[in-house]
1. Give the ranking of LYS167, LYS45, LYS225, LYS396 by solvent-accessible surface, highest area first, calculated with a 1.4 Å probe.
2. Using Cα centres only, tell me the gap between region 311-389 and region 165-202 in whole Å.
3. Can you send over the solvent-accessible area of GLU73, 1.4 Å probe, protein chains only, in Å² to the nearest 10?
4. Which of the pairs LYS304/LYS346; LYS104/LYS217; LYS67/LYS137 have their Cα atoms more than 29 Å apart in this structure?
5. Starting from the residue with the highest accessible area, list THR240, THR126 in decreasing order, probe 1.4 Å.
6. Which order do MET327, MET209 take by accessible area at a 1.4 Å probe, largest first?
7. Please give me the summed charge of the neighbours of GLN339: other residues whose Cβ is under 10 Å from its Cβ, Lys and Arg +1, Asp and Glu -1.
8. Report the charge-dipole magnitude of region 31-159 in Debye, nearest 20, computed about the Cα centre from +1 at each Lys and Arg Cβ and -1 at each Asp and Glu Cβ.
Amino acid sequence: MGLCLRYLSHFTANVILLVFVLSTLTFTSTEAYDPLDPNGNITIKWDIISWTPDGYVAAVTMFNFQKFRHIQEPGWTLGWTWAKNEVIWSMAGAKTTQHGNCSKYTEYAPHSCKKDPSVVDLLPGTPYNYQIANCCKGGVLSSLLQDPSSAASEFQLSVGESGTNKKTVKVPRNFTLKAPGPGYTCGPAKIVKPTIFITADGRRVTRAMMTWNVTCKYSQFLAQKTPNCCVSLSTFYNETIVPCPSCACGCQNNSPLSGSCVDQKSPRLDSVSSPSKKNTSPLVQCTSHMCPIQVHWHLKLNDKDNWRVNVMVTNFNYRMNYTQWNMVIQHPDLVNLTQIFSFNYKLLAPYADIYDAAMLWGVKGHNDNLLQAGRLGNVQSDILFRKDSSTFTSGKGWAFPRRIYFNGDNCVMPPPDAYPYLPHTG
């Protein structure tokens, strides 16, 4: 069994990039939750590579086809229910969280005998003999636009007591994906055309014995019942800052130490001075909006040829460093964006050639890690637009974004009648 996995690991390393491209041809698309990413999903592809005396060896690949939503620490957990009495003899590139009852096996204990196993990725630095290509990222998956090379994760498993051909093998049921919490709903496994594998030198073509796909879609409402970000606004011509709406993500309890939030001067901060991987529920700084993330949009300059804004993202969550964060902005003038100074960006056109959205994210190694609440818990950049005199106006809220998303989740905007207004003398 170990020889099968070692051979498969070497084989997979040579073909995984080509498989990524070819496999997209067989994925089926269903209705999306997100209008800015109508075809976004996470697809799990299960390829049976070879048969064994009591089952098969399979490669399971998870592709993140979402443009701007990624899976961050502590990573994904994939689950399913076996259709029969299958066991997992061995795994590479991942592991199950529970062993299950394997007492009937006396000579060699399977890796897992659970009827409904839960699988997690291995951590970076895992010994080489347990690794395969595209594994061992701690369950972190990049969004498709942000870093396509890190948008896939793979593991291999040897399944026993399952049947040894296409007629006797049954697909698993009830797939679940936690990333790391709820939010994703997975459809049933669908048998599709077997995946085609082409070696790196292009001189040999093989195919899987059997392939099925599972498509998982995201819902912000399932992920959390309340929003997790809000937007505030300001301009150079108005001294007043329009704050995030009160109670945008929740309201403070009567006491700031009651558990809903922590005051900056609270002694409790000593116990949450570093992010916790065991507890991912937000512990936020006490504010009027109670949001883990605040995005501030400041209209900074308006001259003859250009207009300029400053965008700042502040982390109020004491338990979370937001790795590989990103932000999507909807504004009708993004087609005239000429320069962004401290972030990466890419225009989005979810509907034909209408470029009214753009994705922004940090520069790798510089500001792609939004640190937990504190002195360094923010990132910012100026954005320069070319002025189109036929459309630009400082009035009626035109210069402000229509909608902002942080890590794929919709942020609460101030009400339109609260937007900064032009002074009467202007």
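1. Details: LYS167 180, LYS45 0, LYS225 145, LYS396 215 Å².
Highest to lowest solvent-accessible surface, that is LYS396, LYS167, LYS225, LYS45.
2. The distance from the Cα centre of region 311-389 to that of region 165-202 comes to 34 Å.
3. Accessible area, nearest 10 Å²: 80 Å².
4. Details: LYS304/LYS346 26 Å; LYS104/LYS217 38 Å; LYS67/LYS137 19 Å.
Where the Cα-Cα span goes over 29 Å, the pairs concerned are LYS104/LYS217.
5. The ranking, largest first, comes out as THR240, THR126.
6. Largest to smallest exposure gives the sequence MET209, MET327.
7. Net charge around GLN339: +1.
8. 240 debye
The values are calculated or read from the model by the stated rules, or taken from the named source; none is laboratory data. The structure presented is a predicted model; accordingly, all values stated were derived computationally and were not measured. A quick note on method: Cβ atoms are made from the backbone with ideal geometry, for glycine too, and the neighbour counts reach across all protein chains shown. With ligands, DNA and RNA removed, areas are computed over all heavy atoms of the protein, side chains included. Shrake-Rupley method; radii C 1.70, N 1.55, O 1.52, S 1.80 Å.
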